[in-house]
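A quick write-up on the structure given underneath.
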């Protein structure tokens, strides 16, 4: 049995799908969003709260491997505190219900204590608590900026015919498709070929700028001249608040974008063959936007 947290999310849903396609026995963790599709496909469904040790223990019971992560509830007014609570609950649940192999989703730059900004800062404690388990084999997948995050700006593009953020338009940095992260996670959960505590960096196939990403999105959406606008931090935060994010989460996301401008998350990170994944931005966007057109 393989346990999967976040089966309703970008990566967890894809991991669950891949495991079920391989006829693996899967148990998923249902929180706010229902997982009926996976139940109908044969997955066991455990309903609970990620801050509850007993609920997590039910997920991990009698499993040989588990995918763990910290949910990104950007509407949470106590975003960091909730993540800290989940980190502690995870560590305790794994102590009470040990799992031999754990694959943990994380982000590039988490190990750089002085350089971490934004939501990834909450991942540092999470990694440290997982690594406290000497009897559990842990593989941490530290991924680059998810290409999927670009889709969050579709409402802005559709309503204002512009794309934008606080990130410098011509700054090129690593982007990765969540399907590639999921493919790596599912493979390692099935093979269980890691021992001790390991970290793997996943950077995608190439560095991309927001201006390049905007041009690619605009072409697919029927807006070949779609402009990219560099928003002042205060304006960016206001837009995020208007989109429903909490003040804390909005501030963290703006901090992360400003950190990107300074090159901090990827300071000292090398693009090796092992860190590269296959899905290019154009391929990702073609699949994601094939049915979306702005008129």
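The values are calculated or read from the model by the stated rules, or taken from the named source; none is laboratory data. This structure is a prediction, so every number in the text was calculated from the model and none was measured. Here Cβ is always computed from backbone atoms with ideal geometry, including for glycine, and neighbour counts include all displayed protein chains.
Just a few scattered comments:
- Looking across region 18-34, the residues that are touching a residue at least 24 places away in the same chain (Cβ under 8 Å) and either in contact with a helix residue (DSSP H, G or I) (Cβ under 8 Å, 6 or more places away or on another chain) or assigned to a helix (DSSP H, G or I) (or both) come down to 18, 19, 22, 24, 26, 27, 28, 29.
- Helices (runs of 4 or more DSSP H) (entirely within region 66-161) containing at least 2 residues that are surrounded by 18 or more Cβ atoms within 10 Å (Cβ to Cβ): 79-96, 121-130
- Entry remark, region 108-132: residues being farther than 22 Å from residue 181 by Cβ and modelled with pLDDT of 90 or more number 1 in total.
- Conditions (1) closer than 25 Å to residue 243 by Cα; (2) in contact with a helix residue (DSSP H, G or I) (Cβ under 7 Å, 6 or more places away or on another chain): number failed by residue 155: (2)
- Residue within region 269-278 that is surrounded by fewer than 21 Cβ atoms within 10 Å (Cβ to Cβ), at pLDDT below 90 and over 19 Å from the mean Cα position of the chain (by Cα) present: yes
- Within region 35-72, the set of residues being touching a residue at least 60 places away in the same chain (Cβ under 8 Å) and at negative phi comprises 63, 64, 65, 66, 67, 68, 69, 71, 72.
- Any chance residue 35 is modelled with pLDDT under 95, under 21 Å from the mean Cα position of the chain (by Cα) and buried (at least 17 other Cβ atoms within 10 Å of the Cβ): yes
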